[in-house]
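This report refers to the structure that appears directly beneath it.
The values are calculated or read from the model by the stated rules, or taken from the named source; none is laboratory data. Source: prediction; values computed, not measured. Virtual Cβ from ideal backbone geometry, glycine too; neighbours counted across all protein chains shown. What goes into the accessible areas is simple: the full protein's heavy atoms, side chains included, and nothing from ligands, DNA or RNA. Shrake-Rupley method; radii C 1.70, N 1.55, O 1.52, S 1.80 Å.
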Amino acid sequence: MKQGMFDKMSEVLIPIAGRLNNNRYLTVLRDAFMLAFPLTIFGSIAVVLMNLPFLNKIMDENAVAVFRNALNVAPQATMSIMTLFVVFGIGYYLSRSYEVEAVFGGVIALASFLVLTPFIVEPEGQEAIQNVLSLDRLGAKGMFLGMITGFLSAEIYRRIVQRELTIKMPDGVPPAVAKSFSALIPALITLTFFLVLNIVVTQLLDTNMHDVIYTLVQAPLVGLGSGIVPTLIAVFFIQILWFFGLHGQIIINSVMDPIWNTLAIENLNSYTATGEVPHIISKPFMEIYTVGMGGTGMTLAVVLAILLFMKSRQMKQVAKLGLGPGLFNVNEPIIFGLPIVMNPMIIVPWILAPMVTTAFTYFVMAAGIVPPPTGVTVPWTVPIVINGIMATNSIWGGLLQIVNLLIVFAIWFPFLKIIDRVNVQKEHTEDSNPSD
């Protein structure tokens, strides 16, 4: 690929990536999901412990049931109600971005979402149960309504505040009291809007906003995002953006994370209830079988190939610096030290290897050879093999990563040999003609 082609691609991609990266709503959405991250980690640890494969060998059946029931509250109180944390986070961070009182933006968003949520559960073949909330609506099934409500309520709230339609208290009033009164009118107007909307939908249309948004928006998007073709397109753009020095994960994940996280929650709910995992593609799939193999582009295999088979002193020095971080899936030393950014000799394996291994992983899991990730959240810094076993609750998940590592190794090797040969020749010339 000629340099002129790089320049043309840069002119197109960099402005688009910059707008996405700096978009207020995508930034808020990313921060809102990160707000829930520590909580989902806690819930995921409990799920992993509940489903350890050797439990039935060290405990009898009743003891296993008691153990699982004791821990089951952890995922229910965290991952199963993740939408609540995301809604609050959207309201909080969006309000803060407009420099209005962020806490009230968060709680108003949360209350607005609950106004649209039915306080009734209708078990199949049984009488409806009043004054209760379904975990489904607070988790995966309510995710997209939660995001829409969070953004809309925060926008209404901040516009009212910025137009100074607030109650101003005298200077001597304690700050906490003054802030509460200041948020009173914006809260009343915002919540009234969602109450009227709920009345219209429930009374006139005889349904609820959860079912409307799930049917019209969430189900089609989740169905699209769970396919291999859209996933490969996302991987391609992550890699191409990184090639131009832009953080592909932050940019693409800002768009795809709502879908991938929803799929992960659905997987976890199904796995804890039935032991079955309905979706292959999910947030853990993307983390464990792309980033979780040495960082973006799965470059741990590149580091090992350089250390074992290359001769260039420069490349070996970079690989030595990148090995430690690479074991924990941090690969900036390789991206910028090899370098990968704007290096035409590397663009082919850089883009090809992750796409091949992502497709291979998908089809291996679709064939039932390796179980897909259960939906538990594994920190992306957990080393390869360990994170694969934790994510799938199977040793096969870790072994698949080793196979993927070999695939990446094979794709990169001929390109690395060419670069190594060029670097060795250059280093030999420099040694033969030392500067004065």
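Check every one of the helices (runs of 4 or more DSSP H) wholly within the range 19-119 and list those with 1 or more residues that are open to solvent by 50 Å² or more (accessible area, probe 1.4 Å), free of Cβ contacts under 8 Å to residues at least 40 places away in the same chain and under 22 Å from residue 283 (Cα atoms). Before the answer, list the steps.
Values: elements: 24-50, 55-58, 61-71, 73-77, 82-97, 102-115.
Passing ranges, in order: 24-50, 73-77.
Going by what's in this entry, would residue 253 be described as of a type in the set (S, T, N, Q), out of contact with any Phe, Trp or Tyr (no Cβ under 7 Å at 6 or more places or on another chain), open to solvent by less than 50 Å² (accessible area, probe 1.4 Å) and at pLDDT below 85?
On the way: of a type in the set (S, T, N, Q): yes; out of contact with any Phe, Trp or Tyr (no Cβ under 7 Å at 6 or more places or on another chain): yes; open to solvent by less than 50 Å² (accessible area, probe 1.4 Å): yes; at pLDDT below 85: yes.
Answer is yes for this residue.
For residue 160, are the conditions met, namely being in a helix (DSSP H, G or I), open to solvent by less than 30 Å² (accessible area, probe 1.4 Å) and closer than 30 Å to residue 347 by Cβ?
No; evaluated as a whole, the condition is false for this residue.
Starting from the range 296-310, take each residue that is part of a helix (DSSP H, G or I) and list its partners that are of a type in the set (Val, Ile, Thr) and open to solvent by 10 Å² or more (accessible area, probe 1.4 Å), counting only C-beta distances under 6 angstrom and pairs at least six apart or across chains.
none
Could you count how many residues in the range 365-390 are in a helix (DSSP H, G or I) and open to solvent by less than 20 Å² (accessible area, probe 1.4 Å)?
Let us first name the residues in the range 365-390 that are in a helix (DSSP H, G or I), namely 365-366, 386-390.
With the extra rule that they be open to solvent by less than 20 Å² (accessible area, probe 1.4 Å), the set shrinks to 365, 387-388.
So the count comes out to 3.
Identify, from the list 274, 296, the residue that is within 25 Å of the chain's Cα centre (by Cα), under 29 Å from residue 83 (Cα atoms), buried (at least 17 other Cβ atoms within 10 Å of the Cβ) and of a type outside the set (A, V, I, L, M).
Numbers: 274 fails: buried (at least 17 other Cβ atoms within 10 Å of the Cβ).
Step by step, each of 274, 296 is checked, and only 296 is within 25 Å of the chain's Cα centre (by Cα), under 29 Å from residue 83 (Cα atoms), buried (at least 17 other Cβ atoms within 10 Å of the Cβ) and of a type outside the set (A, V, I, L, M).
Which residues, taken from the range 72-86, are under 16 Å from the mean Cα position of the chain (by Cα) and among the hydrophobic types (A, V, I, L, M, F, W, C)?
Within the range 72-86, 79, 82, 85, 86 meet the criteria.
Can you find, within the range 229-247, the residue that is most open to solvent (accessible area, probe 1.4 Å) among those that are in a helix (DSSP H, G or I) and touching a Ser or Thr at 6+ places or on another chain (Cβ under 8 Å)?
Filtering the range 229-247 down to residues in a helix (DSSP H, G or I) leaves 229-243.
Filter once more, keeping what is touching a Ser or Thr at 6+ places or on another chain (Cβ under 8 Å): 231-232, 235, 238-239, 242.
Details: 231: 1, 232: 37, 235: 6, 238: 10, 239: 6, 242: 10 Å².
The residue in question is 232.
Among the residues of the range 311-337 satisfying the criterion of being outside any helix (DSSP H, G or I) and surrounded by 24 or more Cβ atoms within 10 Å (Cβ to Cβ), which is modelled with the highest pLDDT?
Restricting attention to the range 311-337, the residues satisfying the condition of being outside any helix (DSSP H, G or I) are 311-312, 328-331.
Checking which are surrounded by 24 or more Cβ atoms within 10 Å (Cβ to Cβ) leaves us with 329, 331.
Details: 329: 88, 331: 84.
Per the criteria, the residue is 329.
Condition first: among the hydrophobic types (A, V, I, L, M, F, W, C), open to solvent by 20 Å² or more (accessible area, probe 1.4 Å) and within 29 Å of residue 366 (Cβ to Cβ). Now tell me which residues in the range 391-423 satisfy that.
Result: 395, 396, 399, 402, 403, 405, 406, 407, 409, 410, 411, 413.
Determine which member of the set 190, 149 is over 30 Å from residue 74 (Cβ atoms) and crowded, with 21+ Cβ neighbours inside 10 Å. Step through it out loud before you land on a result.
Numbers: 149 fails: over 30 Å from residue 74 (Cβ atoms).
Among 190, 149, only 190 is over 30 Å from residue 74 (Cβ atoms) and crowded, with 21+ Cβ neighbours inside 10 Å.
Just to verify a result, which residue in the range 271-295, among those that are assigned to a helix (DSSP H, G or I) and free of Cβ contacts under 8 Å to residues at least 12 places away in the same chain, is farthest from residue 71 (Cα to Cα)? Full working, then the answer.
Narrowing the range 271-295 to residues assigned to a helix (DSSP H, G or I): 271-274, 283-291.
This time we only want the ones that are free of Cβ contacts under 8 Å to residues at least 12 places away in the same chain, so: 273-274.
On the way: 273: 14, 274: 17 Å.
Filtering the range 271-295 for residues that are assigned to a helix (DSSP H, G or I) and free of Cβ contacts under 8 Å to residues at least 12 places away in the same chain, the one farthest from residue 71 (Cα to Cα) comes out as 274.
Return yes or no: is residue 346 aliphatic (A, V, I, L, M) and modelled with pLDDT under 90? Walk me through it before giving the result.
Values: aliphatic (A, V, I, L, M): yes; modelled with pLDDT under 90: yes.
It is true that residue 346 is aliphatic (A, V, I, L, M) and modelled with pLDDT under 90.
Report whether or not residue 219 is in a helix (DSSP H, G or I), open to solvent by 30 Å² or more (accessible area, probe 1.4 Å) and either among the small types (Gly, Ala, Ser) or touching a Cys at 6+ places or on another chain (Cβ under 8 Å) (or both).
Values: in a helix (DSSP H, G or I): yes; open to solvent by 30 Å² or more (accessible area, probe 1.4 Å): yes; either among the small types (Gly, Ala, Ser) or touching a Cys at 6+ places or on another chain (Cβ under 8 Å) (or both): yes.
Answer is yes for this residue.
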